[in-house]
Amino acid sequence: MTQAKLNPGICSVSLRALGICEVVRTAAAAGLAGIEWGSDVHVHDAASARHARIATEAAGLKVLSLGSYYRAGSFGEFDGVLALAAELGTPRIRVWAGDVGSAEAGEAEWDAVVGDVQRIAGLAAARGVEVALEYHGGTLTDSPETTLELLRRVDRPNVGTYWQPAVALSDQEALESLHRVIEHVVGVHCFSWWPGTQRLPLEDRKPLWEAVVGVLRGSGRDMDMMLEFVQADRPRNVVRDAGVLRRIIAGATAPGI
């Protein structure tokens, strides 16, 4: 099997206090390949989306994704999200799988999220865009099992999932969750939190990320690995963690932990 190409990037939400040009300069200085632009601060209308695309491309970087905050199940207006994605020139839109955790969700919540994801997937497919589910607590994608069930029910070729280590999981538990969903993973958010949500340098969970890179390479599919939530949201910590991520991607990978 051909090994996947892994692209180191960053989510602009990691640097919410900075403007678009400063985010681009930081990403370029860190040697990253691209940016997932968040719609909460940086990309919120046509002008800002166009600005982000032009600045990203001028720096020799790629737009990796639109990090939208659309909550599937709301059956809300999605044309605006698609318009932002078009201005941004992105191949993928991140959305959230509802606003209720799987343990609290009944069939009504499941049916709403499934139906809405199918709807927006059709709209996105018409424009050649993928949809990626945020892998996150408080949604239907808060575990490998429920993520797989949601994807099974949605059953659309342009819908996949992001992955990240869930809060409070050990390295081994996090890696096991990745193995469960890897067939459907289209991107990874990279950070080191431990214990709980305490932010650490990426280096502090290096064995986990070495093993993750090994799994992603073995998948045979190219993948974006996007830094998120660096310590204190400081640009210098982006540069530090980016260096670690690039070295892990470039180096030998561990088959497991």
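Every read-out reported here was derived from the displayed coordinates using simple, explicitly stated rules and does not represent laboratory data. What you see is a predicted model, and the numbers here were worked out from it, not measured in a lab. Note that each Cβ is placed from the backbone with ideal geometry, even for glycine, and that neighbours are counted across all protein chains shown.
Helical runs assigned H by DSSP (4 residues or longer) give the chain a calculated mean residue ellipticity at 222 nm of -12500 deg cm²/dmol, each run adding -39500 (n - 2.57) before division by the residue total. Relative protection proxy for 38-49, 5-16, from highest mean packing down: 5-16, 38-49 (other beta-carbon atoms within 10 angstrom). Exposure proxy for F229, F75: other Cβ atoms within 10 Å of each Cβ, ordered fewest to most, give F75, F229.
The label-point distance for S74 and D40, in a model that sets each label 7 Å from Cα toward Cβ, rounds to 1.3 nm. Ranking of L245, L200, L151 by neighbouring Cβ atoms within 10 Å, starting from the fewest: L200, L151, L245. On the beta carbon distance between R127 and C21, with R0 = 25 Å, the FRET formula returns roughly 0.35. Remark on the stretch 107-189: Rg and Dmax equal 12.8, 40 Å (Cα only).
Summing Cβ point charges (Lys, Arg +1; Asp, Glu -1) relative to the Cα centre of the stretch 6-250 gives a dipole of roughly 1000 debye. Secondary structure note: in the stretch 142-257, about 20% of the DSSP beta bridges are antiparallel.
Distance between the modelled labels on D99 and A250, one decimal in nanometres: 4.4 nm (7 Å Cα→Cβ projection). Highest mean first, the peptides 81-91, 54-64 sorted by other C-beta atoms within 10 Å per residue fall in the order 81-91, 54-64.
Measuring max minus min along each principal axis, the C-alpha atoms of the chain give extents of 44, 43, 37 Å (largest first). DSSP bridge analysis restricted to the chain gives an antiparallel fraction near 5%, rounded to the nearest 5. Extending 7 Å from the Cα toward the beta-carbon at both S219 and A83 defines two label points whose distance is 3.3 nm.
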